[in-house]
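Reviewing the structure listed below.
The values are calculated or read from the model by the stated rules, or taken from the named source; none is laboratory data. Because the structure is predicted, anything quoted here is derived from the model rather than measured. Because the Cβ atoms are built from the backbone with ideal geometry, glycine has one as well, and the counts that use them run over all protein chains shown. These area figures cover heavy atoms from the full protein model, side chains too; ligands, DNA and RNA do not enter into them. Shrake-Rupley method; radii C 1.70, N 1.55, O 1.52, S 1.80 Å.
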Amino acid sequence: MASEDLAGTLAAVLGGRGLRVQSYDSRPAGETPAQVRLRKNVCYVVLAVFLNEQDEVLLIQEAKKECRGSWYLPAGRMEPRETIVEALQREVKEEAGLQCEPLTLLSVEERGPSWIRFVFLARPTGGILKTPKEADAESLQAGWYPRTSLPTPLRAHDILHLIELAAQYRQQARHPLLLPQELPCSLVCQRLVATFTSVQTVWVLVGTVGMPHLPITACGFAPIEQRGGIKMAVLRLLQECLTLHHLAVETKGLLGLQHLGKDQTDGICLNVLVTVAFRNPGIQNEPPKVRGENFFWWKVVEEDLQSQLLQRLQESSVVPINR
């Protein structure tokens, strides 16, 4: 029964669906994580990339004093009690005058758990493009511009990579369409699909406290975790059950994103795909030994799940997480 439950859980996570966060397998040492509150201890930013059939990108002209007159993609901070999609739609309406729908999450950018930006590929569904006559505190105007000939000055050049990422995705999608799942979470945390592979066999790390489950690690807000980024929480959990000095650990990217935003639950859960490998593989065909009784390696024997995992791993078919 446990194996069947794990297979269902893994299938849900690989399918981009959410799962409620019941508890945490790892928390920061010496720190009691406070409940996450927007505008208090975290900042989430949403950003939209629009590309039309003429290979033009939608840009807005900034109205803020520090960058007035420069151009950027529609973007802004989330407000309390918003879902991620609601925040994206509000920002696009305020800055560009358009209604929209997100098509997929393109990337997640972070500067530690207290600042996370969600980048979407989106499409307009209505509204009228904002003109200079409608300039306000949100923006001066919006317009479509050839992807290879953007207006200047740009507020920042970080959007160039995001525009190219969107163009590449439209040409050949690297990961399945993925949108946030509306599920509550009180902290910034990560659910790990931590894998070890050998000769077309895949093992997944499983937590044993309570019912067997995919492990969840809470991100901390101490300076060391802020500087190291959200990967620090992944390493902390793995360090608690594995001897890491002879292992290589890599977060491949995002399989799913969970957030609600209602009822003051501003936390998020990132479902991440992680690889664990020996630095010197040799003839090691079994996963590294687990210390203690709180975790074990589960061999994935269900053929469809195994092939899905191998494909996602081999093709890096995940939403990138950038720092």
(message) If a residue must be surrounded by 14 or more Cβ atoms within 10 Å (Cβ to Cβ) and farther than 30 Å from Thr265 by Cα, how many such residues does region 167-193 contain?
(response) 3
(message) Whether any residue in region 201-212 is open to solvent by less than 30 Å² (accessible area, probe 1.4 Å) and of a type in the set (Phe, Trp, Tyr) is what I want to check.
(response) yes
(request) Could you please let me know if Arg90 is among the basic types (Lys, Arg) and within 18 Å of Gly143 (Cα to Cα)? (result) yes
(request) Determine which member of the set Ala63, Ala48, Ala11, Ala34 is under 23 Å from the mean Cα position of the chain (by Cα), under 28 Å from Arg147 (Cβ atoms) and either in a strand (DSSP E or B) or touching a residue at least 24 places away in the same chain (Cβ under 8 Å) (or both). (result) Ala48
(request) Filter region 110-120 for residues that are open to solvent by 10 Å² or more (accessible area, probe 1.4 Å) and among the hydrophobic types (A, V, I, L, M, F, W, C) and give the result. (result) Trp115
(message) Against the definition (assigned by the TED database to the domain that holds Leu165, surrounded by fewer than 19 Cβ atoms within 10 Å (Cβ to Cβ) and in contact (Cβ under 8 Å) with a residue 60 or more places away in the chain), how does Ser107 come out, yes or no?
(response) no
(message) Looking at region 250-262, can you tell me whether even one residue there is surrounded by fewer than 23 Cβ atoms within 10 Å (Cβ to Cβ), part of a strand (DSSP E or B), on the phi > 0 side of the Ramachandran plot and assigned by the TED database to the domain that holds Ser26?
(response) yes
(request) Read through the list (1) closer than 17 Å to Gly292 by Cβ; (2) polar (S, T, N, Q); (3) open to solvent by 30 Å² or more (accessible area, probe 1.4 Å), then give the number of the only condition that Thr217 fails. (result) (3)
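A quick yes/no check of all residues on (1) surrounded by 12 or more Cβ atoms within 10 Å (Cβ to Cβ); (2) aliphatic (A, V, I, L, M); (3) not in a helix (DSSP H, G or I):
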| site | (1), (2), (3) |
| --- | --- |
| Gly282 | no, no, yes |
| Pro288 | yes, no, yes |
| Glu293 | no, no, yes |
| Phe296 | yes, no, yes |
| Val301 | no, yes, yes |
| Leu305 | yes, yes, no |
| Ser317 | yes, no, yes |
(request) Working carefully through the options Arg27, Arg20, Arg39, find the one that is surrounded by 15 or more Cβ atoms within 10 Å (Cβ to Cβ), modelled with pLDDT under 95 and among the charged types (D, E, K, R). (result) Arg27
(message) Considering only residues that are out of contact with any strand residue (DSSP E or B) (no Cβ under 6 Å at 6 or more places or on another chain) and either at pLDDT 95 or above or hydroxyl-bearing (Ser, Thr, Tyr) (or both), which ones fall in region 183-197?
(response) Ser186, Thr197
